[in-house]
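Nothing in this text is a laboratory measurement; each read-out follows from the coordinates by a stated rule. Keep in mind that this is a model prediction, so the values were computed, not measured. For neighbour counting, all protein chains shown are included, and Cβ atoms are generated from backbone atoms with ideal geometry for every residue, glycine included.
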Amino acid sequence: MFSTLKNPTFRHLFAAQIVALVGTGLATVALGLLAWHLAGKDAGAVLGTALAIKMVAYVTLAPVAAAIAERLPRRAFLVALDVIRAGVIAFLPFVDQIWQVYLLIFFLQAASAGFTPAFQAVIPDVLKDEDDYTNALSLLRLAEDLEQLASPILAAALLTVVSFPVLFAGTVAGFIGSALLVVTARLPARARGEPGHFWADVTKGVRIYTRTPRLRGLMVMEAAVAAAGAMVYVNTVVLVQARLGLGEESVALAFAGFGAGSMLAAFLLPRILGRLADRPVMIGGAALMVAGVALVPLVGSLAALIALWALIGFGFSLTQTPIGRIINRSAHEADRGAVFAAQFALSHACWLVTYPLAGWIGAGAGLSVAALVLAGVGAAGLVAVLNLWPARDEAILPHDHPDLPPDHPHLTGHGPTHTHAIVIDDLHRRWPRVA
């Protein structure tokens, strides 16, 4: 896995991701303390609203940002968004009204909605070999999991010697460090597609996504993942403190179980994907998550909860890490950024539904009912995946083009009825029917 770091460009990008993640982790802690400072006992409502704003920004702005990115140099685009994120964070220590927090969070997440898919689309251009790309995806997954464990510890250590607004300075440093590392990386030039109308470019990723069977399956799989993940992220604190009657340190241990399971899967995935196709691995991971959530009503001890969260974390990594491989083989190089943005937006749309569902049902009907409802949502998503994502996921398919004139270059090069790897584009607007 770590041999991928021998590539100097990926090494710079990976380092940029790490410093940005650490900065983001510090901001998460600082934002919670800022909310308490401004709203007191209503801090939870402030953070919940901020989370909703984040999801709305992700869902609505990611495709727009992808269309803008196609018209700009990729290095300048990534660096500019890092600088914008640093600038927004620099203002947070000085706010004194809750509405100001909401406004700054929207601008911050709008920049992230542009940065993350664009960053994801660069990696397969840097690492052309699929094994190297798989290793890179596992490393990036591992970095995210380690950040969730390390950032709160680092924040706690810093808070023993500084006040919480200083944590925002760490976030600013993280984003500036990320920008500097992107500047020093030798990014490959972006493949250029045919210039199109701006709105057509905004919707291009979603059109490719919804017309490709494996991507349609991936879309509903994200509903299953979000249902299980929402149970973990929203209700862990309630499970630990209300049901088990334990303290805050036990909440951290439960989340650590989830992170440990995810990291274990990230370590094993390059080997697993060398033996198995993406579809069974990802479906198996989603099934583990759904089964884990369905077992929540039986949890009666912290050890059982940690084990269950580790199982769900393992499944989470199995489903999320290979996504880049699926997108990589489902779009032309010039269209990858748009499809990554569509994945980013559609997956967060699922979380936008399941986050409040987990909270409202848990508060109104109890955690066991919430777990069973979310497991039901996840199971329905799994059934849909099996129907939408064919088991025989063949890329090379016979097809024809009755809409093209006989002298069209595509037909003169391939023949009237021909066979090649299919991706949705201007010449292939619909997926061929498989006999």
Requested in this report: Sort the following peptides by mean Cβ neighbour count (other Cβ atoms within 10 Å, averaged over residues), highest first: 226-232, 260-266, 296-302.
Outcome: 226-232, 260-266, 296-302
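Determine the relative contact order of the chain: mean sequence separation of Cα pairs under 8 Å and six or more apart, normalised by residue count, in whole percent.
Taking the mean separation of contacting Cα pairs over the length of the chain, I get 23 percent.
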Query raised in the report: For segment 90-230, what is the Kirkwood estimate of the hydrodynamic radius, computed as the reciprocal of the mean inverse distance between distinct Cα atoms, to one decimal in Å?
Result: 19.1 Å
Report summary line: For the pair A391 and S368, the simple spin-label estimate (label points 7 Å beyond Cα toward Cβ) gives in nm 3.7 nm
Query - Net lengthening on full extension, F198/T184 (0.36 nm per residue, minus Cα-Cα) - result: 2.0 nm
Report task. Tell me the label-point distance for the pair T160, R275, using the 7 Å Cα-to-Cβ offset, in nm and rounded to one decimal. Result -> 4.4 nm
Report summary line: Taking Cα atoms, the helix 43-69 axis meets the longest principal axis of the chain at an angle in degrees (rounded to 10) of 20 degrees
Query raised in the report: Can you count the Lys pairs in the chain with C-alpha separation below 30 Å, eight or more apart or on different chains?
Result: 4
Query raised in the report: Which FRET efficiency value, to the nearest 0.05, do you get for R71 and D407 by plugging their Cβ-Cβ distance into 1/(1 + (r/R0)^6) with R0 = 25 Å?
Result: 0.15
**Report entry** Linear extension gain, V383 paired with A304, 0.36 nm per residue minus alpha-carbon span
**Finding:** 25.7 nm
Query raised in the report: Mind listing which trypsin sites (Lys or Arg not before Pro) in segment 169-265 are in a DSSP loop and have 15 or fewer other Cβ atoms within 10 Å?
Result: R186, R192
**Report entry** On Cα atoms only, tilt of 302-320 relative to the major axis of the chain in degrees
**Finding:** 20 degrees
**Report entry** Cα pair distances exceeding 23 angstrom across segment 1-186, given as percent
**Finding:** 44 percent
Report summary line: Sorting T321, T236, L295 by the position of each Cα along the dipole of the chain (Lys, Arg +1; Asp, Glu -1; all at Cβ), the one nearest the positive end of that ordering is T321
Query - Label-to-label distance, nm, for residues given as F94 and N7 (7 Å Cα→Cβ offset) - result: 4.1 nm
**Report entry** Rg to Rh quotient for the chain, alpha carbon positions, Kirkwood Rh
**Finding:** 0.98
Query raised in the report: So what is the relative contact order of segment 1-186, in percent, for Cα pairs below 8 Å that sit 6 or more residues apart?
Result: 49 percent
Query - C-alpha long axis of helix 213-238 to longest principal axis of the chain, angle in ° - result: 0 degrees
Query raised in the report: What are the semi-axes of the equivalent ellipsoid of segment 179-335, taken as the square roots of 5 times the eigenvalues of the Cα gyration tensor, listed largest first and rounded to whole Å?
Result: 36, 18, 16
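Using DSSP to define loop residues, name the trypsin sites (Lys or Arg not before Pro) in segment 52-126 whose beta-carbon has at most 15 other beta-carbon atoms within 10 Å.
Listed in order of number, the matching sites are R71.
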